[in-house]
Amino acid sequence: MIQSFIITGFLGVGKTTMLTNTVKKYFKNKKIAIVVNEFGDIGVDSKILTNVHSEVLEISEGCICCKLAQEFESGVSEIVNKYNPDIIFVETSGASEPFPIFLSLQNLGISIEGIICVVDAKNFDTYKENSTAKYQLGGSNIIILNKVDLVTPAELEEVKKEVIQIKEEYNIKNNLTGETVFNNYMIHYAEQGLVNKEVFEGVYQIDEVIGLAKDYKHLDHTGKDSITQKVAYLKENVRFNDIDQLLSALPKSIYRTKGIVKVTDVPNPIFINYSFGDASYEELPEYKEKSLLIFIGESIADDVKLLSQKFPFLILPQFSINK
Ligand SMILES: Nc1nc2c(ncn2[C@@H]2O[C@H](COP(=O)(O)OP(=O)(O)OP(=O)(O)O)[C@@H](O)[C@H]2O)c(=O)[nH]1
Ligand SMILES: [Mg+2]
């Protein structure tokens with residue numbers, strides 16, 4: 001039977017980092033397939049993941065947990081038929097809930113070994129009130145407190161306490177019995193998504209969830225949180241420093257920015273990865289398409305417009321999506 005892990009967690013917490021740093025390390029002799037769904041209609045994670053893993057399927061233009069169940073299921077079936085992987089890892093978008101994905105995998109006869117929720121230990125306070133973030137914890141059975149390098153031990157303990165509280169409150173319940181499903185969840189720590197191998201080796205006892213499938217109602221979590229994204233293309237003559245200044249000038253509402261840009265003073269295109277004030281960069285020699293940046297946050301339309309006035313090298317597509 002094909003095994004699978006679902007990796008969930010809010011925007012920018014370190015899901016892709018975990019897939020690139022941990023998965024290859026522990027599953028060298030296994031055939032791995034990755035399915036990644038990103039928030040918004042343009043995905044960049046797959047570009048990073050294909051550097052490390054050979055079979056990567058990107059599902060974009062929506063949230064797999066709400067609208068794309070069918071696309072997800074047919075994509076996974078295709079990967080299974082073509083590649084016959086031993087293990088499938090699914091990275092959900094930061095704005096998705098994991099449970100509907102669990103049900104889809106189950107429909108396909110794939111065994112779910114674990115639903116891993118990655119938590120950003122440094123920025124948990126900033127996003128913990130987001131309802132999707134709460135359902136992500138509630139629908140998981142492995143919790144990874146990531147970015148431990150950015151917090152003190154005392155802060156980490158505080159985050160852990162809050163995570164446990166939310167987990168208990170939002171723990172998925174069996175509709176028939178009222179009992180919580182994931183009683184045996186575990187909490188691990190990680191830096192750069194590096195976890196102990198035992199995270200992938202537990203016996204997670206999630207078979208009982210099967211009973212839920214027919215009654216489960218998907219809650220509309222996207223409307224409430226109003227997370228939106230805006231894409232900007234870049235003019236040709238940008239320097240690395242311009243990008244740096246732009247990232248330093250991002251307003252609080254834009255807490256996540258990703259993109260791939262060519263700058264005049266670095267030979268290769270650069271993958272920009274910004275979340276909650278911290279940025280990282282990686283060269284991506286293979287990238288041949290346009291330079292673009294994706295801004296993600298809450299009600300950001302006006303802020304992005306202001307940003308494009310301040311940094312005229314940003315080109316915003318003329319049509320405008322909802323705020
Ligand atoms: N300091 C520090 N930075 C980290 C750690 N893990 C991830 N990051 C950084 O956090 C940012 C986001 O990481 P990603 O792995 O892209 O996050 P993600 O959860 O896949 O993001 P989305 O797919 O957009 O929701 C990147 O800049 C990473 O380099 C960590 O343990 N410590
Ligand atoms: Mg990602």
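The values are calculated or read from the model by the stated rules, or taken from the named source; none is laboratory data. Remember, it's a predicted structure, so these values are computed and weren't measured experimentally. Note: accessible area is taken over every heavy atom of the protein model, side chains too, but ligands, DNA and RNA are not part of it. Shrake-Rupley method; radii C 1.70, N 1.55, O 1.52, S 1.80 Å.
Take every DSSP beta bridge with both residues inside the chain and express the antiparallel ones as a percent of the total, to the nearest 5. Could the numbers behind the result be given before it?
Details: 29 of 59 bridges.
Percentage antiparallel, nearest 5: 50.
Restricting to DSSP H runs of at least four residues, report the calculated mean residue ellipticity at 222 nm for the chain, -39500 (n - 2.57) per run over all residues, nearest 500 deg cm²/dmol.
Details: 10 runs with 90 residues, N = 323.
The helix contribution divided over the chain gives -8000 deg cm²/dmol.
Does the range 3-221 come out rounded, prolate or oblate, given a ≥ b ≥ c as the square roots of the eigenvalues of its C-alpha gyration tensor, rounded meaning a/c under 1.5 and, failing that, prolate meaning a/b above b/c?
Working: a/c = 1.43, a/b = 1.12, b/c = 1.28.
Taking the square roots of the gyration eigenvalues as a ≥ b ≥ c, the range 3-221 is rounded.
Cα centroids of the range 1-52 and the range 288-306: how far apart, whole angstrom?
One Cα centre to the other: 24 Å.
Kindly express, to the nearest 10 degrees and within the range 0 to 90, the angle between helix 301-310's C-alpha long axis and the longest C-alpha principal axis of the chain.
In the chain, helix 301-310 runs at an angle near 30 degrees to the longest axis.
Please arrange F99, F240 by accessible surface area, largest first, computed with a 1.4 Å probe and ligands excluded. Don't skip to the end; give the middle numbers.
Details: F99 0, F240 60 Å².
Greatest to least solvent exposure: F240, F99.
Normalising by the residue count of the chain, find the relative contact order in percent from Cα pairs under 8 Å and 6+ residues apart. It would help to have the intermediate numbers written out before the result.
Values: 623 pairs, mean separation 55.2, N = 323.
Rounded, it is 17 percent for the chain.
Taking only protein heavy atoms into account and a 1.4 Å probe, give the accessible area per residue of the chain in Å².
Numbers: 14750 Å² over 323 residues.
For the chain, the per-residue accessible area is 46 Å².
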